Amino acid sequence: MDTALAIMTINQIPPTERVGIVADLWDQLVDDGFQPELDSATAKELDARWTRFKADPTTGSTWSEVVAFVKRDRP
């Protein structure tokens, strides 16, 4: 199956199921050892955030706080 046909087929699936497909594909890429390279701007931003966090760990969020934030009710 070529990519265009695969995308056309996937686009017929409801959005929530498509998100699951994307997650499954990403997990498979990780399982296969894929490690995308960071561009310099992203690497610089991550370094700056890490430096701020090391200087004051209270500025960070716990994993449970992040999950709660993502799952919160929105207007």
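Quick note: the coordinates plus some simple rules give every number you see, no bench work behind them. Note that this is a predicted model, so its numbers are computed, not measured. Note that each Cβ is placed from the backbone with ideal geometry, even for glycine, and that neighbours are counted across all protein chains shown.
Summary of computed values
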item: Which listed residue, of GLN12, GLN28, is polar (S, T, N, Q) and within 14 Å of the chain's Cα centre (by Cα); result: GLN28
item: Helices (runs of 4 or more DSSP H) enclosed by segment 13-75 - at least 3 residues per element that are farther than 30 Å from THR3 by Cβ; result: 40-55, 63-71
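So that you can scan it fast, the table gives a plain yes or no per residue for (1) surrounded by 10 or more Cβ atoms within 10 Å (Cβ to Cβ); (2) basic (Lys, Arg); (3) in contact with a Lys or Arg (Cβ under 9 Å, 6 or more places away or on another chain):
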| site | (1), (2), (3) |
| --- | --- |
| ASP2 | no, no, no |
| GLN12 | no, no, no |
| THR16 | no, no, no |
| ASP27 | yes, no, no |
| ARG49 | yes, yes, no |
| ALA68 | yes, no, no |
| LYS71 | no, yes, no |
